[in-house]
Amino acid sequence: VAIADAVTEAVDLATRLLPDRMQVSCDLVASAVRVDREDLLQITHNLLTNSSNARRAGLQVRVMGAAMGDRYQIQFLDNGPGLPPTFEFHSEPTALDLDAELHGVGLRLVEVLVSRNGGRFDIQDVEGGVLATVDLPRLPG
């Protein structure tokens, strides 16, 4: 998948659906990544929606991506209030528990989709917001 094109497509859709809730800037280096296109669109959509749900007005999200050896790293940095104190991040991808509380299901789905595509996902509080990182394998060449 041409990563910059797919992520930009998902960002454009999210900003059309939520025009008053966030401003998104993209800085993505072009590269071919081994990932299912629909999964990548869903991952991007879920991370942007998660950011927009955390802060209703004045939200800014920076989406950055670059190749790092045989991997490609996409980072989503927002200026929201941070992760809730009760947030628990699963270090090992798990199947979605449909009986679980709905809060955080979008991030659990991101975790599962990234893992299914041979990648790694991390999310953490940083000064002034939240940083979500998706790390995926690049295609050779």
What does the charge add up to near V1, with Lys and Arg as +1, Asp and Glu as -1, over the other residues with Cβ less than 13 Å from its Cβ?
-2
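Under 1.5 on a/c is rounded, so check that first for region 5-69, then, if it is not, pick prolate when a/b is larger than b/c and oblate when it is not; a ≥ b ≥ c are the square roots of the alpha carbon gyration tensor eigenvalues.
Working: a/c = 2.30, a/b = 1.75, b/c = 1.32.
Note, shape of region 5-69 comes out prolate.
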Options (i) 15.2; (ii) 15.7; (iii) 16.3 for Kirkwood radius over Cα pairs in Å; the value derived from the coordinates is listed as (i)
Would you mind checking which residues have amide H under 5 Å from L28's amide H? H placed 1.01 Å from N; only 5 or more apart, or other chain.
G65
Can you list which of the DSSP-assigned H helices in the chain have a Cα extent of 15 Å or more along the long axis and an average Kyte-Doolittle score of at least 0.5?
3-17, 105-116
If each K or R counts +1 and each D or E counts -1, the residues other than A30 whose Cβ falls under 12 Å of its Cβ total -1
What does the charge dipole of the chain about its Cα centre add up to, to the nearest 20 debye, if the Cβ of each Lys and Arg holds +1 and the Cβ of each Asp and Glu holds -1?
320 debye
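Here, each number is a calculation from the coordinates, and none is a lab measurement. Predicted model only: the values in this text are computed from it and were never measured. Using ideal geometry, Cβ is built from the backbone for each residue, glycine included, and neighbour counts are taken over all protein chains shown.
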